[in-house]
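Worksheet for the structure shown next.
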Amino acid sequence: QVQLVESGGGSVQPGASLRLSCAASGIIFNIHTMGWYRQAPGKERELVARITSRGGTNYADSVLGRFTISRDSAKSTVYLQMNSLKPEDTAVYYCSASYLYDYWGQGTQVTVSS
């Protein structure tokens, strides 16, 4: 059974930092491209960042330079370090794992507000 369990969300003020974690089980972690997506109220889900099995990364323009995605194969975990958070970063953040199939986590809420 595949499980992606996100953690690390919360409510912070603009300019603060958060680190999201996603622990994967039931998949061969090392062959999957791992990603973070987000969905704000009334908007479509969008890619935030993605990291391939070889460590290649790509980011949405809106987070470039502020967010960093990384992966720890020993822990089967992918991280999203979010710095300089803005109110427009408020959304539910979802972890994904992609290879032959796409798997999704349940999501974790990030709220940025003063």
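The values are calculated or read from the model by the stated rules, or taken from the named source; none is laboratory data. Predicted, not measured: the structure shown is a model, and the values here were computed from it. Glycine also receives a Cβ, built like all others from the backbone with ideal geometry; neighbour counts cover every protein chain displayed. Surface areas here come from the heavy atoms of the whole protein model, side chains and all, with no ligands, DNA or RNA. Shrake-Rupley method; radii C 1.70, N 1.55, O 1.52, S 1.80 Å.
Data overview
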| read-out | value |
| --- | --- |
| Residue-normalised accessible area of the chain, expressed per residue, 1.4 Å probe, Å² | 55 Å² |
| Mean separation of Cα contacts under 8 Å (6+ apart) over length of the chain, as relative contact order % | 36 percent |
| Alpha-carbon centroid distance for the pair the range 1-80 / the range 93-114, whole angstrom | 7 Å |
| Whole-percent carbon and sulfur share, accessible surface of the chain, 1.4 Å | 45 percent |
| Cβ-placed point charges (K, R +1; D, E -1), dipole of the chain about Cα centre in debye, nearest 20 | 200 debye |
| Cα gyration tensor category, rounded, prolate or oblate, for the chain with a/c compared to 1.5 | prolate |
| Global form of the range 1-41, assessed from the alpha-carbon gyration tensor, a/c cut-off 1.5 | prolate |
| Most fluctuating residue given options Pro14, Pro87, Pro41, as computed from a GNM of the chain linking Cα atoms under 10 Å | Pro41 |
